[in-house]
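Notes follow the structure.
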């Protein structure tokens with residue numbers, strides 16, 4: 001049995017098999033619905049049920065509460081159709097979607113950016129290419145069938161010099177994959193990836209000023225977006241707010257300062273939440289999403305691109321829309337959900 005899924009306002013349709021998750025069915029047929037974690041943890045794929053019936057699989061209340069579900073909201077990453085369905089959702093245009101591929105990659109470099117952040121450079125096959133938007137991510141396909149998702153930290157155009165992707169991986173002690181990265185992984189080892197995934201990337205058809213909000217290694221896709229902005233000579237004003245607990249969490253601070261010297265449209269505000277006297281920190285303190293509100297109490301004319309810990313992303317989404325007038329459709333996010341978050 002199959003059901004017809006219609007997406008408004010575009011009017012595009014696709015078919016979902018009985019028991020097939022809506023997001024997976026859409027991706028399979030080239031319909032680029034917005035999404036992030038694909039595990040019911042972040043809420044990036046939330047949209048409105050216009051008509052029809054769906055059943056939700058396991059998901060976190062913070063991604064979709066019982067009240068929201070009763071009000072007609074759907075998480076496409078864990079919802080299956082029980083009838084023909086009409087959804088209202090923003091989506092990636094067909095022209096902007098790149099094919100999802102599985103491919104082997106070879107570890108080219110491993111460099112520690114801080115005590116708990118590794119820069120991992122992966123060499124792509126000489127006979128293949130990975131096309132993606134700056135801001136998207138890939139899944140590592142692990143031997144036991146598990147997956148781990150990480151955003152590309154380099155813009156696509158950098159592959160002209162070297163066909164490789166760069167990732168920033170934070171060590172999660174006891175983590176299935178990160179223990180391997182910080183312990184046994186070495187240069188020339190082979191891994192398997194699949195991608196690109198995600199609807200987090202710069203909307204270039206806009207002329208609005210841009211706010212880039214990053215916490216921790218959420219800086220990785222933000223870095224790729226900054227490289228893309230520079231490469232395309234996009235002159236929209238860009239404000240980067242990068243938050244961490246201590247100075248070491250801003251592990252590419254010098255790189256950002258170099259970019260600001262080269263890009264007159266880019267300004268940078270680093271923010272620390274737990275700076276100690278011995279850090280000698282003279283910059284901004286507090287929560288990074290609140291620093292944006294202190295500087296820009298009116299966000300009605302901006303676009304915000306936020307990436308990092310779920311609590312940062314969701315707090316920013318709520319406060320910017322409710323308190324600063326940001327249109328909900330002008331908030332783009334990729335929430336970094338760990339395996340522990342998804343449990």
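Tabulated results
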quantity: Normalised contact order of segment 153-275, rounded percent, pairs of Cα under 8 Å and 6 or more residues apart; calculated: 25 percent
quantity: For the chain, share of DSSP beta bridges that run antiparallel, in % to the nearest 5; calculated: 60 percent
quantity: Calculated FRET efficiency for the pair residue 157/residue 208, C-beta based, R₀ 22 Å, to 0.05; calculated: 0.45
quantity: Using a Förster distance of 30 Å, the FRET efficiency for residue 254-residue 100 (Cβ separation, nearest 0.05); calculated: 0.30
quantity: Alpha-carbon centroids, segment 208-233 and segment 47-72: separation in whole Å; calculated: 31 Å
quantity: Alpha carbon centroid spacing (whole Å) that separates segment 262-282 from segment 234-252; calculated: 8 Å
quantity: Segment residue 17-residue 245, extension gain: residue separation times 0.36 nm, minus the distance between their alpha carbons; calculated: 77.5 nm
quantity: Relative contact order computed over the chain (Cα-Cα under 8 Å; 6+ residues apart), in percent; calculated: 14 percent
quantity: Hull volume in cubic angstrom per residue (convex hull over the Cα atoms of segment 98-197); calculated: 98 Å³
quantity: Two-site FRET efficiency, residue 66 against residue 2, from Cβ-Cβ distance with R₀ of 22 Å, rounded to 0.05; calculated: 0.15
quantity: Pairwise Cα inverse-distance average, inverted: Kirkwood Rh of segment 1-92 (Å); calculated: 12.6 Å
quantity: Under 15 Å from the residue 73 label point (7 Å along Cα→beta-carbon), backbone N, segment 290-320; calculated: 311, 313-320
quantity: Cα centroid separation - segment 1-27 against segment 289-325, whole Å; calculated: 32 Å
quantity: GNM top mover of 151, 199, 323 - the chain, alpha-carbon springs below 10 Å; calculated: 323
quantity: Label-point separation, residue 115 to residue 29 (7 Å along Cα→Cβ), nm; calculated: 5.2 nm
quantity: Radius, Kirkwood style, for segment 210-342 when every pair of distinct Cα atoms is counted (Å); calculated: 15.0 Å
quantity: Inter-label distance, nm, simple model (7 Å from Cα along the C-beta direction), residue 88/residue 328; calculated: 0.8 nm
quantity: Long-range tail of P(r) for segment 36-190 (Cα pairs > 24 Å, %); calculated: 47 percent
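Every number in this text was worked out from the coordinates using simple rules, so none of it is lab data. All values derive from a computational prediction rather than experimental measurement. Every residue, glycine among them, receives a Cβ derived from its backbone with ideal geometry; neighbour counts consider all protein chains shown.
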